[in-house]
Amino acid sequence: MQKKVEIKAKFDLHHIVRGMKDILPQETRYWELIRRKVFELARDYSFQYIETPIVEQQNLFVRSIGEGTDIVEKEMFTFTDQGGEALVLRPEATASIVRAFNEHGMINQPQPVKLFYYGSMFRRERPQAGRQREFHQFGFETLGDSQAITDAQLILLAYNFFKELGLAIDIQINSLGNSQSRERYKKELAEYYKPKRNQLCDDCKKRLLKNPLRVLDCKNPNCVELSLDAPQIIDYLDEEDNKHFTQVLEYLDELELPYNLNPRIIRGLDYYSRTTFEIWPSGKSEGRQNALGGGGRYDGLSELLGGRPTPACGFAVGIERTISLLKEKEIFVPGLETPQVYLAQLGDVSRKKALKLYENLRREGFTVAESFAKDGIKPQLEIANRLNIKIALILGQKENIDGTILMRDMESGTQEVINYEKIIPELRKRLSKVNQNNGVKIIRTDISNEEIKL
Ligand code: HAM
């Protein structure tokens, strides 16, 4: 019997960092679909793309998100660089957008300034389903506008994103009022929780002192139960806040957008004032744990970061959570485009010629697949079949000598000898026939799953 030989790797296999994920090629179609939809909506609603760095000063987020929040207290990836500067991997992008707005004097541009972004964020949370340490968000932010109609249009934009992907969602909405009304409310909340202090989790005992609003955001079942009868912020709003909130709701009614008034949407970041909202997968009461997106108004943030007073509103959506839902709901997501032509070759001379022909075809606008490293014609045609390509070009020794090429219809298996100089017009002719026969496939994502599957 042959002795089993154990081959030990020279080095240990390297693993990915906990909470991070590789995005593999088979996932690409989901990412492409979302990216396309985000850019399409940005164009429709006139938002401009912005990219800010992944690394920012720690203080930016401590100030904006707030000291008593989970993100700042427990979840930021912080480090001191060689120059002694306290830096972080951004846990979110709104603070960065406001920093950029102030730093580049965007206040001097016609207002509002409407920006959108797309990229990775980092939070050192306990990894679990729907919760990663590196995740991706896209977000839309309107700066320099205090009108309720802006809040409503942003909510509509978020709603349309999901609807046009074929996903049903629930909008949860609330208002946190301005900073004075919030302070009054916080006092009332503190009074409410004081006699129940011993039943709160350890974190909430601290939150009670620092910011009792954060107790409302706690996911501990005990704290959730205790919060059920807590006073509601809505009763503490002043006249202006009330007017703003009523207007937002009226606009949503006008748009016939369904929403749930939810006094518990106080959000996990301190910069909000007035409108706050979250997007939950439809019908899921645990939506709060795994919200698809969230946002609201942050009228005081610019000043807090040293800028001029700039009312603003925005939201961000988690891309991984959206992809999970697309999969869970089995939404049809078109694959990447099938190449139009497969180029097969046999022998060294053909291989050289094929390398050049490939470039010509590509420059002429054809999408071409090849397997130049393969030798036999059969395995190459098998690949063309697997890729579902309709036309194959075969360049063998005989064709080389004759100055021709074989054009094979992959469905019928019929082959024709074509003059080498006529390849491009012949391909054009045949491909237009293929398209006519198949009908032009229009990829639409703005219709329901059932409709797409037809
Ligand atoms: P956020 O609610 O903290 O808001 O995050 C928005 C979305 O990012 C969440 O609803 C969720 O889908 C996704 N997300 C958050 N943490 C994770 C995680 N650990 N793993 C996977 N996905 C996650 C913000 O970030 C605000 N900047 C939104 C905003 C924009 N407010 C005003 N403008």
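Values in this text are rule-based calculations from the coordinates and carry no lab data. The model shown is predicted, which means the values in this text are computed figures rather than measured ones. Glycine gets a Cβ as well: all are built from the backbone with ideal geometry, and neighbour counts include every protein chain shown.
The Cα-based radius of gyration and maximum Cα-Cα distance (Dmax) for the range 90-161 are 14.6, 44 Å. Compared with the direct C-alpha span, the chain from residue 397 to residue 210 gains 59.2 nm at full extension, assuming 0.36 nm per residue. Taking one quarter of the surface of the convex hull spanned by the alpha-carbon atoms of the range 1-144 gives a direction-averaged projected area of 14.3 nm². Each Lys or Arg adds one and each Asp or Glu takes one away; over the other residues whose Cβ falls under 10 Å from the Cβ of residue 151, this sums to +1. Extension gain for the segment residue 363 to residue 202, taken as residue separation times 0.36 nm less the Cα-Cα distance, is 51.5 nm to one decimal. Computed 3J(HN,Hα) for the range 234-247, one whole-Hz value per residue from the Karplus formula 6.51 cos²θ - 1.76 cosθ + 1.60 where θ = phi - 60°, is 4, 6, 10, 5, 8, 4, 5, 4, 4, 4, 4, 5, 4, 4, glycine and proline marked x. Each residue of the range 198-208 was assigned a 3J(HN,Hα) from its phi angle through the Karplus curve 6.51 cos²θ - 1.76 cosθ + 1.60 (θ = phi - 60°); the sequence is 5, 8, 7, 5, 4, 4, 5, 4, 6, 4, 4 Hz, with glycine and proline shown as x.
Using the Cβ of residue 142 as centre and a radius below 12 Å, the other residues enclosed give a net charge of -2, where K and R count +1 and D and E count -1. If only the Cβ of Lys and Arg carry +1 and only the Cβ of Asp and Glu carry -1, the dipole of the range 341-437 around its Cα centre is close to 200 debye. When 244, 14 are arranged by Cβ crowding within 10 Å, least crowded first, meaning fewest neighbours, the order is 14, 244.
Computed from the C-beta positions of residue 160 and residue 329, the FRET efficiency with R₀ = 25 Å rounds to 0.90. Given 186/243; 219/329; 114/284, which pairs have Cα atoms separated by over 24 Å? From 186/243; 219/329; 114/284, over 24 Å: 219/329; 114/284.
When the alpha carbon gyration tensor of the range 341-437 is reduced to an equivalent ellipsoid, its three semi-axes come out at 19, 15, 13 angstrom, largest first.
What do you get for the angle between helix 94-103 and the principal long axis of the chain? Use alpha-carbon atoms, 0 to 90 degrees, nearest ten. The angle comes out near 90 degrees.
What is the dipole size for the chain, taken about its Cα centre, with +1 at each Lys and Arg Cβ and -1 at each Asp and Glu Cβ, in debye to the nearest 20?
Numbers: 66 positive and 66 negative charges, 359 e Å.
The dipole magnitude comes to about 1720 debye.
Shape summary: the chain maps onto an equivalent ellipsoid whose semi-axes, from the alpha-carbon gyration tensor, are 54, 27, 21 Å in decreasing order.
Taking a point 7 Å out from the Cα of residue 433 in the direction of its Cβ, the residues of the range 383-401 whose backbone N falls within less than 15 Å of it are 390-393. What the Kirkwood sum gives for the range 44-86 is a hydrodynamic radius of 12.5 Å, with every pair of different alpha carbons counted. Here residue 48 and residue 424 are evaluated by their C-beta separation; at R0 = 35 Å the FRET efficiency comes out at 0.30. Counting 0.36 nm for each residue step from residue 228 to residue 120 and taking away their Cα separation leaves a gain of 35.4 nm.
Suppose R0 equals 41 Å. What FRET efficiency, 1/(1 + (r/R0)^6) with r the Cβ-Cβ distance, do residue 259 and residue 373 give to the nearest 0.05? Show your work: numbers first, answer last.
Values: r = 57 Å, r/R0 = 1.38.
Result of the calculation: an efficiency of 0.15.
Ranking 76, 58, 41 by Cα position along the charge dipole of the range 31-86, where only Lys, Arg, Asp and Glu carry charges on their C-beta atoms, puts 41 farthest toward the positive end. At most 12 other Cβ atoms within 10 Å plus a DSSP loop assignment makes a site exposed; report the longest stretch of the chain without any exposed trypsin sites (Lys or Arg not before Pro). Here the longest run is 220-440. Compactness of the range 248-301 is given as radius of gyration and Dmax, 12.0, 33 Å, from Cα positions. Across the chain, the longest run free of exposed loop sites, meaning GluC sites (Glu not before Pro) lying outside DSSP classes H, G, I, E and B with no more than 10 other Cβ atoms within 10 Å, spans 7-255.
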